[in-house]
1. When the chain is modelled as a GNM with alpha-carbon springs shorter than 10 Å, which of 315, 323, 109 fluctuates the most?
2. Could you tell me what fraction of 2.2 N^0.38 Å the Cα radius of gyration of the stretch 225-366 comes to, as a two-decimal ratio?
3. Please list the three semi-axes, largest first and in whole Å, of the ellipsoid equivalent to the stretch 123-266, using sqrt of 5 times the eigenvalues of its alpha carbon gyration tensor.
4. If packing is taken as the mean number of other Cβ atoms within 10 Å per residue, what is the order of 211-219, 137-145, highest first?
5. In whole Hz, what ³J(HN,Hα) sequence does the stretch 285-302 give by Karplus (6.51, -1.76, 1.60; θ = phi - 60°), x for Gly and Pro?
6. Counting only the backbone N, which residues of the stretch 77-110 are under 18 Å from the spot 7 Å out from the Cα of residue 19 toward its beta-carbon?
7. Counting pairs of alpha carbon atoms under 8 Å apart in space and at least six apart in sequence, what relative contact order in percent does the chain give?
8. I want to verify a result. In a Gaussian network model of the chain, Cα cutoff 10 Å, which of these has the top mean-square fluctuation: 118, 283, 247?
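Please treat every number below as a calculation from the coordinates, not as lab data. Small disclaimer: the values here were computed from a predicted structure and weren't measured. Don't worry about glycine lacking a Cβ; one is built from the backbone with ideal geometry, like all the others, and counts go over all protein chains shown.
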Amino acid sequence: MEPTEITAGTLHLRPFQPWDAAEVLEACQDPEIPRWTHVSAPYTAEHARSYVEEVVPQGWADGTAATFAVLDATTAQLQGSIDLHGIAGGSAEIGFWTAPWARGRGVTAEAVGAVCRWGFGALGLQRVLWRAGVGNWGSRAVAERCGFTVEGRLRLADVRQDGTRGDDWYGSLLATDEVRDRRAFGSWRDRAGQGLLLRRWRDDESDAAALLAGCSDPETARWTPVPQPFTAETARWYLSQEYPRQWSEGVAAPLAVEQDGRVVGGAVLIAPPARWAPEAGWWTMPGERGRGVASRAAGLLAEWAAELGHSRVQALVDVDDAASSRAAERAGYEREGVMRGARVDRQGRPRDVVLHARVLPGAASR
């Protein structure tokens, strides 16, 4: 197979060269790369040299793997690695890693899209397979953003770095597929308005501390289903596993609510059952209550729901939670009635909830 180069937007993809070894070595010191790939740990200069001078050229020469260095088209800085391997019979598997300094900018999705288009066109592939360890939410988000359909789970399919076996997700993109973002909530952008910023939670110490402070508060626990006791370990699990799972599986979209650079609460848009409306939810930090945080967050959630194509958004509030009902009404959610026994409390007892709903712009035409 003849080595080739691809220009894709802000990226340039080419086969690795000997002089790339230093940047490969630097990138692969990041623990997330060996955690989710078969990159050796510890990763040495000899590993990097062998990769760029032997492994990559051999794959091109024997036609079994096409591996590209992903470069910034302007600066030529290494952004990551991407390959099609196991090329045979019109099928191939895609693999990739991203340098820590290049994450969060859509680099990997742009590279995956470019390599798949090249594979379908130049190599005549009919199918590209994607696999990732269960829990690798970043890889799954890239795959779904690029149009891959997640098809299932392979039990104990891969050997991890520590020698244990773990489950893999798998999916595919066909040459005949419509390439579209298959994530339930689409591509997220931070939403600012009314003095607030809604953003995705980050898996870091600052957000862990904020989530712990908010969700261990008795009032938050009283009106929301957050687990109790809510510990530091619980907060870390939510940020590293549960929230990414909810986003990726389309169950819900949990968000941090910021004001002046500090977290003042949380918000969530819960995916609706078929032919029903999404549900908005929120909680406020103890020291921030009474300042309109909840109502403003509820308004921003409604605006986002409208952009997603929904004609209505609703909030289900416990009948005794007067503060949340007031917040909903200030945000334009009208009270429609009481749903008897619609929720179950921590003791398993049915609770009545007040149904508030806001009809969104353009509803009549949808």
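1. It is 323.
2. Details: Rg = 15.3 Å, N = 142, 2.2 N^0.38 = 14.5 Å.
Working it through for the stretch 225-366, the quotient is 1.06.
3. Details: eigenvalues 219, 83, 27 Å².
Working from the Cα gyration tensor, I get semi-axes of 33, 20, 12 Å.
4. Details: 211-219: 18.0, 137-145: 21.9.
The densest-packed peptide leads the list: 137-145, 211-219.
5. 4, x, x, 10, 6, x, 10, x, 4, 5, 5, 5, 5, 4, x, 5, 4, 5
6. It comes to 77-80, nothing else.
7. Values: 675 pairs, mean separation 33.1, N = 366.
Taking the mean separation of contacting Cα pairs over the length of the chain, I get 9 percent.
8. Answer for the Gaussian network model of the chain: 118.
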